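K.L.:
Structure provided below as structure tokens; questions to follow.
The values are calculated or read from the model by the stated rules, or taken from the named source; none is laboratory data. Owing to the predicted nature of the structure, the values given are computational and were not obtained by experimental measurement. Every residue, glycine among them, receives a Cβ derived from its backbone with ideal geometry; neighbour counts consider all protein chains shown.
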Amino acid sequence: QAKTVIQAEIDAAAELIDFFRFNAKYALELEHSQPISVDISTNSMVYRGLEGFVAAVSPFNFTAIGGNLAGAPALMGNVVLWKPSDTAMLSSYAVYKILLEAGLPPNVVQFVPADGPVFGDTITSSEHFCGLNFTGSVPTFKRLWKQVSENLDRYRNFPRLAGECGGKNFHLVHSSADVGSVVNGTLRSAFEYGGQKCSACSRLYAPDSLWPQIKEKLLEEHGKIKVGDPAQDFGTFFSAVIDDKSFARIKKWLEHAKKSSNLTILAGGGCDDSVGYFVEPCIVESKDPQDPIMKEEIFGPILTVYVYPEKKYKEVLELVDTTTPYGLTGAIFAQEKRIIEEARSLLRNAAGNFYINDKSTGSVVAQQPFGGSRISGTNDKPGGPHYILRWTSPQAVKETHVPLGDWRYAYMQ
């Protein structure tokens, strides 16, 4: 997966362990949360697994996500068919083997490497399909959703559909912001792991009054970023992108930036696939806030900046909210409390994870449950206490301890 040592540790060890531990904690808390009982009857809630199987479709970029997509439904009593990404097969298989070694009964989770469309067609055509736990692209999730809707008459239950589909995430800078925080947070968010995070900052909105300072510092620090082999050099900040398809897609955006009269490449812009798929971290300035590079997900190390007139800050709030159909992550950098509260209010639907004076990446299990709405997904917040409820079918049980002596009510006699 070409991760640096810290990115690998955060993901494949720390976050995966957190998912397993906190999901178990939340499941116990859910089990202990019972309805009110009265003197003559006892009430209880049984959290059953869904009736059928859950399909888990996991991405390449986070090993922990794959473990959680399969692990959370299994924890709640479901059989899971886990289809890993073609470009994260080994890491996903390692997690699967660890689950078995830890005592997970065989066949509760079934590891099913497969062609995407074949897997999708197969699961959605089964009468026993009862849930989809998905992380991936918008077109794939839409395709699966449509297939489910077309097959509704054959299912025994209405399937639960949970999806996380990426974003076009923003850092919005107010004139009161701390420049150092803006620059350092943006460089980390935009370029860590080559921008291959669904939460990565892809668009930066900076006021003209601060832009000279931000630009100078941004370019200075950008020049210190080292791209290479993280296994050989711990000074490497990020490495190659995941595969040839990703490289080709990112390269098209770089070509767009070079050709468009609205765009100016301030730093980077090079790429090389002779040995691995390497892309330089690229900073682009756009004169047009509606240019496609400000609207569409890239999933690579390209940051686009739009410099706005400081006096038009409120108009920029609306611009941030309406430019893209996504709603995953975003951040406001400001020191004035009034400005922060205004941004929280007007951008309440623009991001499912909203950061104040911090970068748009790096959500931590149990601290910032993750997910967004709009076309970013169904916002079920894995890493939080409510997520596991998606994978249960609760049964309310009432047991009465006093015989019913008459069918008539007292007022009738």
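K.L.:
Can we say Lys224 is of a type in the set (Lys, Arg) and over 24 Å from the mean Cα position of the chain (by Cα)? Give the steps one after another, and end with the answer.
P.N.:
Values: of a type in the set (Lys, Arg): yes; over 24 Å from the mean Cα position of the chain (by Cα): yes.
When the stated conditions are applied, Lys224 passes them.
K.L.:
Hey, another quick one. What are the residues in segment 321-335 that are in contact (Cβ under 8 Å) with a residue 12 or more places away in the chain and part of a helix (DSSP H, G or I), if any?
P.N.:
Residues of segment 321-335 in contact (Cβ under 8 Å) with a residue 12 or more places away in the chain: 321, 323-335.
Matches in segment 321-335: Asp321 only.
K.L.:
Can you list residue pairs whose Cβ atoms sit under 6 Å apart, with the first residue in segment 192-218 being of a type in the set (Asp, Glu) and the second being surrounded by fewer than 24 Cβ atoms within 10 Å (Cβ to Cβ)? Count only pairs 6 or more apart in sequence or on different chains.
P.N.:
Hits for this filter: Asp208/Val307; Asp208/Pro309; Asp208/Glu310.
K.L.:
Being among the β-branched types (Val, Ile, Thr), closer than 17 Å to Arg390 by Cβ and out of contact with any Ser or Thr (no Cβ under 9 Å at 6 or more places or on another chain) is the requirement here; does Val57 meet it?
P.N.:
Working: among the β-branched types (Val, Ile, Thr): yes; closer than 17 Å to Arg390 by Cβ: yes; out of contact with any Ser or Thr (no Cβ under 9 Å at 6 or more places or on another chain): no.
So Val57 fails the test.
K.L.:
Which members of segment 53-65 meet the condition of being among the small types (Gly, Ala, Ser) and either touching a residue at least 60 places away in the same chain (Cβ under 8 Å) or within 15 Å of Asp380 (Cβ to Cβ) (or both)?
P.N.:
Initial filter on segment 53-65 (among the small types (Gly, Ala, Ser)): 55-56, 58, 64.
Correct list: Ala55, Ala56, Ser58.
K.L.:
For Glu341, only one of the following conditions fails: (1) within 23 Å of the chain's Cα centre (by Cα); (2) over 17 Å from Met294 (Cα atoms). What is its number?
P.N.:
(1)
K.L.:
Ok, one more. Quick one: which residue in Thr135, Thr122 is touching a residue at least 60 places away in the same chain (Cβ under 8 Å), closer than 29 Å to Ser246 by Cα and hydroxyl-bearing (Ser, Thr, Tyr)?
P.N.:
Working: Thr122 fails: touching a residue at least 60 places away in the same chain (Cβ under 8 Å).
Just a single option satisfies the conditions, and that option is Thr135.
K.L.:
Sort through Leu187, Leu172 and tell me the only one that's in a helix (DSSP H, G or I), buried (at least 17 other Cβ atoms within 10 Å of the Cβ), modelled with pLDDT of 95 or more and not charged (D, E, K, R).
P.N.:
Values: Leu172 fails: in a helix (DSSP H, G or I).
Unique residue meeting the criteria: Leu187.
K.L.:
Let me ask another. Could you please tell me which pairs satisfy a Cβ distance under 7 Å, a separation of 6+ or placement on different chains, a first residue in segment 348-372 that is outside the structural domain of Leu303 (by TED's automatic domain parsing), and a second residue that is in a loop (DSSP other than H, G, I, E, B) and basic (Lys, Arg)?
P.N.:
Listed pairs, sorted by first residue: Thr361/Lys197; Pro369/Lys381; Phe370/Lys381; Gly371/Lys381.
K.L.:
On the basis of being closer than 24 Å to Ile65 by Cα, over 25 Å from the mean Cα position of the chain (by Cα) and in the same structural domain as Thr329 (by TED's automatic domain parsing), does Ala231 make the cut?
P.N.:
Details: closer than 24 Å to Ile65 by Cα: yes; over 25 Å from the mean Cα position of the chain (by Cα): yes; in the same structural domain as Thr329 (by TED's automatic domain parsing): yes.
In short, yes.
K.L.:
If you don't mind, another one. Pull up segment 84-119, narrow it to residues that are of a type in the set (Gly, Ala, Ser) and without any contact (Cβ under 8 Å) to a residue 60 or more places away in the chain, then point me to the one that is surrounded by the fewest Cβ atoms within 10 Å (Cβ to Cβ). Walk me through how you get there before you give the answer.
P.N.:
To start, the set of residues in segment 84-119 that are of a type in the set (Gly, Ala, Ser) comprises 85, 88, 91-92, 94, 102-103, 114, 116.
Narrowing the set further to residues that are without any contact (Cβ under 8 Å) to a residue 60 or more places away in the chain leaves 85, 92, 94, 102-103, 114, 116.
Working: Ser85: 22, Ser92: 25, Ala94: 13, Ala102: 8, Gly103: 6, Ala114: 15, Gly116: 16.
Of everything passing the filter in segment 84-119, Gly103 is surrounded by the fewest Cβ atoms within 10 Å (Cβ to Cβ).
K.L.:
Also, I was wondering about something else. Would you point out which residue out of Lys359, Lys314 is closer than 15 Å to Ala206 by Cα and not in a helix (DSSP H, G or I)? Talk me through it step by step, then tell me what you get.
P.N.:
Details: Lys314 fails: not in a helix (DSSP H, G or I).
Among Lys359, Lys314, only Lys359 is closer than 15 Å to Ala206 by Cα and not in a helix (DSSP H, G or I).
K.L.:
Against the conditions (1) assigned by TED's automatic domain parsing to the domain that holds Cys282; (2) small (Gly, Ala, Ser); (3) under 17 Å from Cys201 (Cα atoms), where does Ser345 fall short? Just the number, please.
P.N.:
It fails just one condition, (3).
So that you can scan it fast, the table gives a plain yes or no per residue for (1) within 30 Å of Thr63 (Cα to Cα); (2) among the acidic types (Asp, Glu); (3) touching a helix residue (DSSP H, G or I) at 6+ places or on another chain (Cβ under 9 Å):
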{"site": "Ile10", "(1), (2), (3)": "yes, no, yes"}
{"site": "Arg21", "(1), (2), (3)": "yes, no, no"}
{"site": "Tyr26", "(1), (2), (3)": "yes, no, yes"}
{"site": "Glu31", "(1), (2), (3)": "yes, yes, no"}
{"site": "Val38", "(1), (2), (3)": "no, no, no"}
{"site": "Ser41", "(1), (2), (3)": "no, no, no"}
{"site": "Ser44", "(1), (2), (3)": "no, no, no"}
{"site": "Tyr47", "(1), (2), (3)": "yes, no, yes"}
{"site": "Leu50", "(1), (2), (3)": "yes, no, yes"}
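K.L.:
Take the conditions of a type in the set (Gly, Ala, Ser) and in contact (Cβ under 8 Å) with a residue 60 or more places away in the chain and apply them to Gly77. Does it pass? First the steps, then the outcome.
P.N.:
Details: of a type in the set (Gly, Ala, Ser): yes; in contact (Cβ under 8 Å) with a residue 60 or more places away in the chain: yes.
Considered against the rule, which asks whether it is of a type in the set (Gly, Ala, Ser) and in contact (Cβ under 8 Å) with a residue 60 or more places away in the chain, Gly77 comes out as yes.
K.L.:
Looking at segment 363-377, which of the residues that are more than 10 Å from the chain's Cα centre (by Cα), under 22 Å from Lys295 (Cα atoms) and not aliphatic (A, V, I, L, M) is surrounded by the fewest Cβ atoms within 10 Å (Cβ to Cβ)?
P.N.:
Step by step, filter segment 363-377, then rank; the result is Ser373.
K.L.:
Among the candidates Arg344, Arg390, Arg338, single out the residue that is in a helix (DSSP H, G or I), charged (D, E, K, R) and surrounded by 14 or more Cβ atoms within 10 Å (Cβ to Cβ). Outline the logic, then answer.
P.N.:
Numbers: Arg344 fails: surrounded by 14 or more Cβ atoms within 10 Å (Cβ to Cβ); Arg338 fails: surrounded by 14 or more Cβ atoms within 10 Å (Cβ to Cβ).
Answer to the selection: Arg390.
K.L.:
Which one of Phe134, Phe141, Phe158, Phe237 is closer than 30 Å to Asp272 by Cα and modelled with pLDDT of 95 or more? It would help to see each step written out before you state the result.
P.N.:
On the way: Phe134 fails: closer than 30 Å to Asp272 by Cα; Phe141 fails: closer than 30 Å to Asp272 by Cα; Phe158 fails: closer than 30 Å to Asp272 by Cα.
Testing whether each residue is closer than 30 Å to Asp272 by Cα and modelled with pLDDT of 95 or more leaves just Phe237.
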